[in-house]
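For reference, the structure discussed in these notes is given below.
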Amino acid sequence: MSEVTTVVTGWGITFIIVATYSMWVVSRGKIIGQELGIGEMEQADPGKDADATTDL
Amino acid sequence: MLAETLLVARKDLRVEWRAKVALGQVAPLALLILVVLAFALDANSSLLELGAGGLYWVAVLYGGTLLIQRSFDVETDDGNMDAFRMSAIGAPSLFLGKSLALFVQIGLLELVLGSGIALLYNVRVTDWVLLFVAAVAGTVAFSVCGVLWGVMSAGLRVRATLLPLLLVPVLAPILLAGSRAFETALGVRADAGWTWASLMFVIAAIHTAIGLGAFGFLLEEG
Amino acid sequence: MTSTTRSNAKMTATPATRVLGVLAIAATALMAVLGLFISPADVIQGEAVRMLYLHVPSIWIAYGAFVLTSVSSILFLRARKRREDQGRHYDRLAGSAAEVGVVFTGITLITGMLWGKVTWGTYWQWDARLTTTILLFVTYLGYLALRRLPADPMVRSQRAAVMALISFINVPIVHYSVDWWRTLHQKASLSVGRRPEITGEMYWTLLYSTLAVTIVATWLMIHRYRVIRLEELRDEEALAALISSRLKNDDGSN
């Protein structure tokens, strides 16, 4: 692997890990919240939370 | 406290003596591990002689983990933990007693494994004193850590897989030190055997101190 | 859409953390620009030096998170008998910090191995720092496994707190023994060029990356903390429902 590919791979993997983890945390919070009936007054609309899921 | 410690140790050893799991099942299994490790290295006699010290401790790790598991399964299966909590025996004595019992059992296992590497791997001991001291140091460290982590996973549903996961990272320095010290004692490495042996005593001392202080927290129920 | 309706929709966000989240994205974007394009390539390492802008901040965050886990664990053990919430606040803090710490230790390992591949020519060296880091990683994975087990919450938290403390005490033991192992027997070539001199623009980029990664990690920890609280609420509610259904059944049969 060349230096540039390696650097791109490393940054790419890191961003994927952090993005996946944060999305998991946010969605888990939402799911449990709905189970508990705390967040039901507004039904989750995927587009609405776009900024939250990309929050790194 | 000494009397209590001995009482607990005697109880554990008596239970073990009746069941004979350590000698009847764990020791043969650990010997088998030595055989399998020889398969892994294609029975290359020079590799086996070089690696004997490390392979010995890997086998001890395997067998020792099973013994630790068992030492606590015996307690939780019969609800003994509640009995301990009710009895006047203090957490420190319980910790030391169980460590002592484990020390004896793992020591026996090591005698079997020691003969195993001597016969199967064809090793020659160049420093008997170091070999003995390193084995004792490693066993003390092993038992103390074992009791500490054994009680951590005791009574939990998936303890059979949890205990090794928690235990191995803690035992890693002991494994490292034990292997290096044994290599010096077996004459395949020239340096620092005694430094490694003393490192194991230091690790054992630190974990004994932690165990004496923290065992109470780990026994508490809710 | 106003922020109040949205905070109803999203369980773990508040206006403050939403600002922090936006800040985290902006900081990360700037970090990528600085780290990947603006800062120069290193004279010796070339482009590979850009990996360090992720690698070094990640390990700092990981260590910081594990320190936080240990401190919270001590506070939990002290508070569990006295405070009204039985110290659960500290327990949640310990748990969320450990999880974020594990994520960043993982990133450290991956970026480190990739960096090693171009610099050393191999993914893995039995270098003291690498070996310690992988043992640290596994140790805290074990800690998280212990936290997830089905058991009485207080018993589990107590054991986890003790485990966090012992693990933390173990870090220097592991580090020194591994360090000794490698220095006593190491071939000289292995120790060459682990950390290059970092100066000027590279230094500032590294400093800035550390700040950016800290913001990201803080955001993650706050949200994880809130999710743990929700999980606890759910478990309590499930338990309460179970008890009341049992009581109802008893009434019916009698």
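Every number here is computed from the coordinates shown, using simple stated rules; none is lab data. Note that the structure is a prediction, hence the values are computed from the model and not measured. Ideal geometry is used to build each Cβ from the backbone, glycine not excepted, and the neighbour counts take in all protein chains shown.
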Net dipole in debye of the protein assembly as shown [+1 Lys, Arg Cβ; -1 Asp, Glu Cβ; about Cα centre; nearest 20]: 460 debye
Coarse-grained scattering of region C:204-254 at q = 0.24 Å⁻¹, given as base-10 log I(q)/I(0) from a Debye sum over alpha-carbon atoms: -0.85
Inter-chain shielding of C:161-169 (mean C-beta neighbours from other protein chains, 10 Å cut-off): 5
Size of charge dipole - chain C - debye, nearest 20, with Cβ of Lys, Arg +1 and Asp, Glu -1, no other charges: 320 debye
Protection proxy ranking, peptides C:57-66, B:69-78, average beta carbon neighbours within 10 Å, highest first: C:57-66, B:69-78
log₁₀ of I(q)/I(0) at q = 0.18, 0.32 Å⁻¹ - region B:1-49, Debye sum with one point per alpha carbon: -0.66, -1.02
In region B:1-49, trypsin sites (Lys or Arg not before Pro) in a DSSP loop with at most 16 other beta-carbon atoms within 10 Å: B:LYS20
Pairwise label distance in nanometres, C:LEU30 with B:ALA88, each label 7 Å out on the Cα-Cβ vector: 6.8 nm
Sequence of C:SER39, C:SER177 once ranked by neighbouring C-beta atoms within 10 Å, starting from the fewest: C:SER39, C:SER177
Within chain C, longest stretch free of exposed trypsin sites (Lys or Arg not before Pro) [DSSP loop, at most 13 other beta carbons within 10 Å]: C:83-186
Protection proxy ranking of C:28-38, B:147-157, B:199-209 - average other beta-carbon atoms within 10 Å, highest first: B:147-157, B:199-209, C:28-38
Cα shape, the protein assembly as shown, gyration tensor, a/c 1.5 rule: oblate
Shape call, region C:69-120: gyration tensor on alpha carbons, a/c limit 1.5: prolate
Estimated vicinal HN-Hα couplings, Hz - region B:172-185 in sequence order (Karplus 6.51, -1.76, 1.60; Gly, Pro = x): 3, x, 5, 4, 4, 5, x, 4, 5, 5, 5, 4, 5, 5
Spatial separation of Cα centroids for region C:139-173 and region B:91-111, in angstrom: 23 Å
Computed label-point distance, nm, for sites C:ARG246 and C:TRP124 using a 7 Å Cα→Cβ extension: 4.8 nm
Backbone N under 19 Å from the B:ALA160 label point (7 Å along Cα→Cβ), restricted to region C:117-149: C:146, C:149
Convex hull (Cα only) mean projected area of region B:73-222, reported in nm² to one decimal: 9.6 nm²
Non-local Lys pairs in the protein assembly as shown, i.e. 8 or more apart or on different chains, that have alpha carbons under 30 Å apart: 8
Within region C:33-109, GluC sites (Glu not before Pro) in DSSP loop having at most 10 other beta-carbon neighbours inside 10 Å: C:GLU84
